[in-house]
Amino acid sequence: TAAEVAGFNVGLWAFDRYVLNGHYAYISWNTIKENFRHGFDWDNDHLNTNMFAHPYNGSLFYNAARSNGYNFWQSELFAIGGSAMWELFMECEYPSTNDIIATPIGGAALGEVFFRTSDMILDERASGGERFGRELAAFIISPMRGINRIITGQAWKRNTQPGRKPARTPVSLTVSAGPRIMMYQPEDGYHTQTGATAGIHMEYGDRFGSSSKVPYDYFSLLAELNAIKGQPLLNRIEIVGRLLSKELVDTKKSNLAIGMYQHFDFFDSDTVKRKSDYRQWPSTPCAVPYKLGTPASVGAGLTFRHIKENRWTFEAYTHLNGIILGGILSDFYRFYNRNYNWASGLSLKFGFNWLLLDGRLSVSLSDRFYKLYSWNSYSEENVWTPPASGTPMDIQGDKSNATFNHLETKIDCRLWKGLYLTAGMDWYARKSTYHHRREFHGENFNLDSAIQLITSRQLNFRLMLTYKL
């Protein structure tokens, strides 16, 4: 495992250096010594890079260990080691504070989901074209596991058993697609965009099962994609993985359990309509509705289910989480590819699902609330302006706090067997409070020390066909 983690880092560095010719890949013993001497900084990479690409890299380190027989917690140590090696040795840029947190912690969430998903596909009893297709699909989902199966010969070895590591587990999979209408409400009125959206939702394991200390014996994965002009392809990812649980009530009709959960959240949007004076970016609020990521978050959760036989089933949950590291859209901090503040805080999630008419009709509502604080911002005497030298300041961002709320409702109506018609609505609301910024007046910057509140809201409507497996 250690050789694979180190080899992956060296291979990625070689690609960056000799194919991409990236300036950050020109390393030497002097750059390594300088990295150790200087220590860690907050970096200014793109939201997708820091909130998804780096955790994905962490998932490769994690699965190098997981597929070699290590458990969840042991595999996390290899993800930490792989991230530290990259930050300290493999770049001539100073090591990144946010990456050393987001890469291993977010990587464990993605990595365990990929590991268990690939495990469902593999079947060592299969042969021929079916076997090749299963091995290829598992390789795509979990590349490090695929490499290990090739090295050990498991990729073509026949067996009388499926060869899966975790025991067979109940899994539900939902795939949806359809049109989407986005209505963005900045300060100057509504702007509308239309396009298409698709989503996948998977639940692995029994949310209301018995007490457990096995990480991710239950998890849920939700991913949404956009096909809307000007909007990012990847709109949302949410992972909720159970670390341990204790059953409080277990009867024929009711279940109640408490547990510890790891959360990985990613929300991304882009400009719906640029303001006419957006070119004056030092003073003009950002024309983007929201951006948010929480690659390192953990907390407590309650799950409840009550069954009224032959009539209805009611399911509900609530989670209270501490956000070790998150990022949220900034209206003013813009340097390099970064337009968000690094922050810490908390989140509250709750929701319910009501199944009626023997599952032919379901009504659900969920809400995600985030409160984030930047705790390493510029001082009152050193208000943020783009540095003339081109060297970014070592800060989390604006001196600010922000809230983000996502309210989601939907109704599913069965049309035929596993095919449903889904009508849904999403309400996004962001509220950011800034304590200092610079006002733009002609060619001069004047300090405005008053607290400023900026809000943005977006309303979405979806009508989709949904297939439930």
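The values are calculated or read from the model by the stated rules, or taken from the named source; none is laboratory data. On a predicted model such as this, the values are computed, not experimentally measured, just so you know. Quick reminder, even Gly has a Cβ in these numbers, built from the backbone with ideal geometry, and neighbours come from all protein chains shown. What goes into the accessible areas is simple: the full protein's heavy atoms, side chains included, and nothing from ligands, DNA or RNA. Shrake-Rupley method; radii C 1.70, N 1.55, O 1.52, S 1.80 Å.
If I filter the stretch 22-35 for residues that are among the acidic types (Asp, Glu) and either at pLDDT 95 or above or in contact with an Asp or Glu (Cβ under 7 Å, 6 or more places away or on another chain) (or both), do I get at least one hit? It would help to see each step written out before you state the result.
Initially, the stretch 22-35 is screened for residues among the acidic types (Asp, Glu), giving 34.
Still in the list and also either at pLDDT 95 or above or in contact with an Asp or Glu (Cβ under 7 Å, 6 or more places away or on another chain) (or both): none.
No - not one qualifying residue is present in the stretch 22-35.
Taking the conditions exactly as written (part of a helix (DSSP H, G or I), free of Cβ contacts under 8 Å to residues at least 40 places away in the same chain and among the hydrophobic types (A, V, I, L, M, F, W, C)), does residue 78 satisfy them or not? Don't jump to the end; show me each part of the working.
Working: part of a helix (DSSP H, G or I): yes; free of Cβ contacts under 8 Å to residues at least 40 places away in the same chain: no; among the hydrophobic types (A, V, I, L, M, F, W, C): yes.
When the stated conditions are applied, residue 78 does not pass them.
Within the stretch 121-151, how many residues are more than 22 Å from the chain's Cα centre (by Cα) and either touching a residue at least 24 places away in the same chain (Cβ under 8 Å) or under 23 Å from residue 12 (Cβ atoms) (or both)?
So the count comes out to 13.
Looking at the structure I just gave you, is residue 428 modelled with pLDDT of 85 or more and open to solvent by 50 Å² or more (accessible area, probe 1.4 Å)? Give the derivation first.
Numbers: modelled with pLDDT of 85 or more: yes; open to solvent by 50 Å² or more (accessible area, probe 1.4 Å): no.
Spelling it out, it is not the case that residue 428 is modelled with pLDDT of 85 or more and open to solvent by 50 Å² or more (accessible area, probe 1.4 Å).
Being free of Cβ contacts under 8 Å to residues at least 12 places away in the same chain and over 21 Å from the mean Cα position of the chain (by Cα) is the filter; apply it to the stretch 215-251 and report the residue that is farthest from residue 317 (Cα to Cα). Write out each step before concluding.
In the first step, residues of the stretch 215-251 are kept if they are free of Cβ contacts under 8 Å to residues at least 12 places away in the same chain; the result is 233, 248-249, 251.
Still in the list and also over 21 Å from the mean Cα position of the chain (by Cα): 248-249, 251.
Details: 248: 14, 249: 14, 251: 18 Å.
Among those that are free of Cβ contacts under 8 Å to residues at least 12 places away in the same chain and over 21 Å from the mean Cα position of the chain (by Cα), it is 251.
Output the residues belonging to the stretch 11-42 that are surrounded by 12 or more Cβ atoms within 10 Å (Cβ to Cβ), in contact (Cβ under 8 Å) with a residue 60 or more places away in the chain and farther than 10 Å from residue 88 by Cα.
Residues satisfying the conditions are 12, 13, 24, 25, 26, 27, 41, 42.
Of all residues in the stretch 43-74, count the ones that are open to solvent by 50 Å² or more (accessible area, probe 1.4 Å), assigned to a helix (DSSP H, G or I) and free of Cβ contacts under 8 Å to residues at least 24 places away in the same chain.
Within the stretch 43-74, residues that are open to solvent by 50 Å² or more (accessible area, probe 1.4 Å), assigned to a helix (DSSP H, G or I) and free of Cβ contacts under 8 Å to residues at least 24 places away in the same chain number 1.
Hey, among 453, 447, which residue is at pLDDT below 75 and either of a type in the set (Lys, Arg) or in contact with a Lys or Arg (Cβ under 8 Å, 6 or more places away or on another chain) (or both)? Explain how you work it out, then say what you get.
Working: 453 fails: at pLDDT below 75.
Step by step, each of 453, 447 is checked, and only 447 is at pLDDT below 75 and either of a type in the set (Lys, Arg) or in contact with a Lys or Arg (Cβ under 8 Å, 6 or more places away or on another chain) (or both).
Please verify whether the stretch 354-364 includes one or more residues that are assigned to a strand (DSSP E or B), in contact with a Cys (Cβ under 6 Å, 6 or more places away or on another chain) and modelled with pLDDT of 85 or more. Full working, then the answer.
Kept after step one, since they are assigned to a strand (DSSP E or B), are these residues of the stretch 354-364: 354-356, 361-364.
If we keep only those that are in contact with a Cys (Cβ under 6 Å, 6 or more places away or on another chain) too, we end up with 361.
If we keep only those that are modelled with pLDDT of 85 or more too, we end up with 361.
The answer is yes, given that some residue of the stretch 354-364 is assigned to a strand (DSSP E or B), in contact with a Cys (Cβ under 6 Å, 6 or more places away or on another chain) and modelled with pLDDT of 85 or more.
Among what's in the stretch 416-431 and is assigned to a strand (DSSP E or B) and touching a residue at least 40 places away in the same chain (Cβ under 8 Å), pick the residue that is farthest from residue 355 (Cα to Cα).
Within the stretch 416-431, the subset assigned to a strand (DSSP E or B) is 416, 419-431.
Next cut, touching a residue at least 40 places away in the same chain (Cβ under 8 Å) only: 419-424, 428, 430.
On the way: 419: 15, 420: 13, 421: 15, 422: 14, 423: 15, 424: 16, 428: 26, 430: 31 Å.
Applying the filter and picking the extreme gives 430.
Given the condition crowded, with 16+ Cβ neighbours inside 10 Å, farther than 25 Å from residue 357 by Cα, small (Gly, Ala, Ser) and touching a Lys or Arg at 6+ places or on another chain (Cβ under 7 Å), answer yes or no: does some residue in the stretch 301-315 qualify? Show your work before the answer.
First pass over the stretch 301-315, keeping only residues crowded, with 16+ Cβ neighbours inside 10 Å: 301, 303-305, 307, 312-313, 315.
If we keep only those that are farther than 25 Å from residue 357 by Cα too, we end up with 301.
Next, only the ones that are small (Gly, Ala, Ser) stay: 301.
Add one more test, that the residue is touching a Lys or Arg at 6+ places or on another chain (Cβ under 7 Å), and what stays is none.
Checked the stretch 301-315: no residue is crowded, with 16+ Cβ neighbours inside 10 Å, farther than 25 Å from residue 357 by Cα, small (Gly, Ala, Ser) and touching a Lys or Arg at 6+ places or on another chain (Cβ under 7 Å).
How many residues does the stretch 161-184 contain that are open to solvent by 30 Å² or more (accessible area, probe 1.4 Å), assigned to a strand (DSSP E or B) and either charged (D, E, K, R) or at pLDDT below 70 (or both)?
0
Please enumerate the residues belonging to the stretch 301-346 that are of a type in the set (Ser, Thr, Tyr) and part of a strand (DSSP E or B). Don't jump to the end; show me each part of the working.
Going residue by residue through the stretch 301-346, those that are of a type in the set (Ser, Thr, Tyr) are 303, 313, 317-318, 330, 333, 336, 340, 344.
Hits for the stretch 301-346 are 303, 313, 317, 318, 340, 344.
Please verify whether the stretch 103-112 includes one or more residues that are modelled with pLDDT of 95 or more, open to solvent by less than 50 Å² (accessible area, probe 1.4 Å), more than 30 Å from residue 36 (Cα to Cα) and among the hydroxyl-bearing types (Ser, Thr, Tyr). Break it down into steps so the answer makes sense when it comes.
Step one: of the stretch 103-112, the residues modelled with pLDDT of 95 or more are 103-112.
Imposing the further condition that a residue be open to solvent by less than 50 Å² (accessible area, probe 1.4 Å) reduces the set to 103-112.
Going one step further and asking which of them are more than 30 Å from residue 36 (Cα to Cα), we end up with 112.
In the following step, the residues that additionally are among the hydroxyl-bearing types (Ser, Thr, Tyr) were identified as none.
Within the stretch 103-112, not a single residue is modelled with pLDDT of 95 or more, open to solvent by less than 50 Å² (accessible area, probe 1.4 Å), more than 30 Å from residue 36 (Cα to Cα) and among the hydroxyl-bearing types (Ser, Thr, Tyr).
Suppose we keep only residues that are basic (Lys, Arg) and open to solvent by 60 Å² or more (accessible area, probe 1.4 Å) within the stretch 450-469. Which one would you say is nearest to residue 404 (Cα to Cα)?
Of all residues in the stretch 450-469, those basic (Lys, Arg) come to 457, 462, 468.
Now drop any that are not open to solvent by 60 Å² or more (accessible area, probe 1.4 Å), which leaves 457, 468.
Details: 457: 10, 468: 30 Å.
Checking each candidate, the answer is 457.
From the list 293, 241, exactly one residue is modelled with pLDDT of 95 or more, of a type outside the set (S, T, N, Q) and either more than 26 Å from residue 458 (Cα to Cα) or assigned to a loop (DSSP other than H, G, I, E, B) (or both). Which is it?
One residue alone meets the criteria, 241.
Among the candidates 433, 409, 403, 422, which residue alone is at pLDDT 95 or above, closer than 30 Å to residue 333 by Cα and open to solvent by less than 50 Å² (accessible area, probe 1.4 Å)? Write out each step before concluding.
Values: 433 fails: at pLDDT 95 or above; 409 fails: closer than 30 Å to residue 333 by Cα; 422 fails: closer than 30 Å to residue 333 by Cα.
Answer to the selection: 403.
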